[in-house]
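The values are calculated or read from the model by the stated rules, or taken from the named source; none is laboratory data. The structure presented is a predicted model; accordingly, all values stated were derived computationally and were not measured. Positions of Cβ are generated from backbone atoms using ideal geometry, with glycine treated the same way; all protein chains shown enter the neighbour counts. Heavy atoms of the whole protein, side chains included, go into the accessibility calculation; ligands, DNA and RNA do not. Shrake-Rupley method; radii C 1.70, N 1.55, O 1.52, S 1.80 Å.
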Amino acid sequence: MPVSEKEFIALVNENRGIIYKVIRLYINQEEDTRDLYQEIVFQAWKSYPRFDGRSKFSTWLYRVGLNTVLTFKRKPVVVIPHEDLASLHVAQTKTNTDESEALYVAIRQLPEVDRMIITLHLDGYENEEIAEITGLTKNNTAVKLHRIKDILIKKLKAE
Amino acid sequence: MDLKEVWKKLEQEKLTQPVAGAGEIYKTSKHPVQKLINSFKMALGFVVLFELAFTYLAIIAPQPVVKVAMVLMMIVYIFYFVANYKTLQHIKTTFRMDQNLTHTLQSIYDNTQQSLKFQRRSALFIYPLAATCGFLFGLSMERNVVEVLNNRWVWISLVISIAVLTPLSYFVAVQLERISYGRYLNQLRTLIHQLNSQT
């Protein structure tokens with residue numbers, strides 16, 4: 001069913017938390033966030049005429065967001081000198097005592113596709129759906145997921 | 001440890017914090033595939049311009065043989081138009097961010113490469129034809145082309161023109177292709193490689 005641009009924006013606004021989540025998980029530089037938000041909304045707008053409604057809009061938007069962020073040309077991350085990195089780590093462990101913060105840091109250290117797999121899993125997607133979104137086989141997804149969860153739990157316990 | 005519980009907390013506290021830029025849809029994209037689409041649109045624009053130029057030249061050409069040459073060029077450019085248009089349509093229909101990303105990008109990359117390769121190869125036959133057309137058009141401004149072609153030196157000049165212009169035009173076309181498509185295709189190749197290496 002065709003929707004106007006205004007209706008589409010309203011629909012996106014209702015689900016914008018999903019876009020924020022994708023951006024917060026993948027973007028390091030605040031200046032990139034605006035561009036990426038626009039890119040995701042633009043790509044969603046372009047793909048929306050072929051959205052068949054088989055999945056929920058939020059699920060569909062999540063997929064568009066993740067795919068867009070993986071192909072988004074980000075500004076290079078500023079390289080922190082080695083000596084500064086050590087002091088930064090100390091500062092982080094002092095302030096990021098909360099488990100959720102530690103999980104955030106741990107997830108952001110994962111490779112991008114692994115990050116995608118674990119966030120989809122944590123958001124309640126089944127392995128089959130994750131496989132469909134990422135293009136992996138169901139078995140490969142299960143294996144990777146198991147490995148990623150192990151890594152995360154080890155990191156969180158080490159904190 | 002229940003990761004899902006920790007995740008829920010994280011979501012409330014950090015992940016869904018607003019970012020700048022919500023609101024309208026800005027209809028521009030920095031995506032390499034979108035840049036490819038723009039390049040193909042521009043190529044189509046140039047093809048239309050050339051078609052118009054050849055039509056005009058065919059009308060003003062004083063001699064029938066030159067008119068035929070211009071019509072030949074118009075036919076060649078119709079083929080170019082179709083080739084570019086088909087590739088553009090393929091990219092536009094394939095480029096969806098709600099599909100399997102690796103397959104989508106790979107399909108666009110392969111199809112674009114194939115189209116550009118076809119155009120590069122066919123150009124090697126087109127440039128001699130274009131050089132001949134230009135040569136005839138130039139001659140027709142002052143003399144009767146059919147009569148002039150009986151002169152051996154005119155043929156030698158034509159062959160030399162073709163021999164010089166064909167590789168030169170090919171070189172220029174390859175450089176233009178690199179500017180218009182090359183960097184975006186490179187970005188796509190890198191993306192596909194990155195996605196494949198992570199999966």
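Open to solvent by 50 Å² or more (accessible area, probe 1.4 Å), at pLDDT 85 or above and not in a loop (DSSP other than H, G, I, E, B): is that true of A:Lys94 in this structure? So A:Lys94 fails the test. Scanning the stretch B:130-144 for residues that are open to solvent by 40 Å² or more (accessible area, probe 1.4 Å) and within 15 Å of B:Phe50 (Cα to Cα) yields a single hit, B:Gly134. Out of B:Leu57, B:Leu52, one residue alone is open to solvent by less than 60 Å² (accessible area, probe 1.4 Å) and either at pLDDT 95 or above or farther than 24 Å from B:Leu116 by Cα (or both). It is B:Leu57.
What are the residues in the stretch A:120-132 that are open to solvent by less than 30 Å² (accessible area, probe 1.4 Å) and at the interface with chain B (Cβ under 8 Å from one of its Cβ atoms), if any? Once the filter is applied, which keeps residues that are open to solvent by less than 30 Å² (accessible area, probe 1.4 Å) and at the interface with chain B (Cβ under 8 Å from one of its Cβ atoms), the stretch A:120-132 yields only A:Leu122.
Take the conditions modelled with pLDDT of 85 or more, part of a helix (DSSP H, G or I) and open to solvent by less than 80 Å² (accessible area, probe 1.4 Å) and apply them to A:Val64. Does it pass? So A:Val64 passes the test. Output the residue which, of all residues in the stretch A:23-50 that are touching a Phe, Trp or Tyr at 6+ places or on another chain (Cβ under 7 Å) and more than 7 Å from every other protein chain (Cβ to nearest Cβ), is surrounded by the fewest Cβ atoms within 10 Å (Cβ to Cβ). Here the answer is A:Tyr48.
For the stretch B:27-49, the set of residues classified as surrounded by 17 or more Cβ atoms within 10 Å (Cβ to Cβ) and of a type in the set (Val, Ile, Thr) consists of B:Val33, B:Ile37, B:Val47, listed by residue number. Taken over the stretch B:158-182, the criterion of being more than 18 Å from the chain's Cα centre (by Cα) and either surrounded by 15 or more Cβ atoms within 10 Å (Cβ to Cβ) or touching a residue at least 40 places away in the same chain (Cβ under 8 Å) (or both) is satisfied by B:Leu158, B:Ser161, B:Ile162, B:Leu165, B:Thr166. Residues considered: B:Leu124, B:Leu116. Of these, the only one that is more than 22 Å from A:Glu132 (Cα to Cα) and either outside any helix (DSSP H, G or I) or open to solvent by 70 Å² or more (accessible area, probe 1.4 Å) (or both) is B:Leu124. Tell me, please, whether a residue that is touching a Gly at 6+ places or on another chain (Cβ under 9 Å) and assigned to a helix (DSSP H, G or I) can be found in the stretch B:11-19. Checked the stretch B:11-19: at least one residue is touching a Gly at 6+ places or on another chain (Cβ under 9 Å) and assigned to a helix (DSSP H, G or I).
Tell me which residues, restricted to the stretch B:61-71, are assigned to a helix (DSSP H, G or I) and open to solvent by 30 Å² or more (accessible area, probe 1.4 Å).
Within the stretch B:61-71, B:Pro64, B:Val65, B:Lys67, B:Val68, B:Val71 qualify.
Here is the figure for the stretch B:72-108: residues that are assigned to a helix (DSSP H, G or I), modelled with pLDDT under 95 and touching a Lys or Arg at 6+ places or on another chain (Cβ under 8 Å) total 1. For the stretch A:1-56, taking the residues that are within 23 Å of A:Glu101 (Cα to Cα) and part of a loop (DSSP other than H, G, I, E, B), the one that is nearest to the chain's Cα centre (by Cα) is identified as A:Ile27. Among residues that are free of Cβ contacts under 8 Å to residues at least 60 places away in the same chain, of a type outside the set (Gly, Ala, Ser) and within 11 Å of chain B (Cβ to nearest Cβ), A:Asp114 is included. Restrict the check to the stretch A:145-159 and report whether at least one residue is open to solvent by less than 60 Å² (accessible area, probe 1.4 Å), more than 7 Å from every other protein chain (Cβ to nearest Cβ) and farther than 14 Å from B:Leu3 by Cα. The answer is no, given that none of the residues of the stretch A:145-159 is open to solvent by less than 60 Å² (accessible area, probe 1.4 Å), more than 7 Å from every other protein chain (Cβ to nearest Cβ) and farther than 14 Å from B:Leu3 by Cα.
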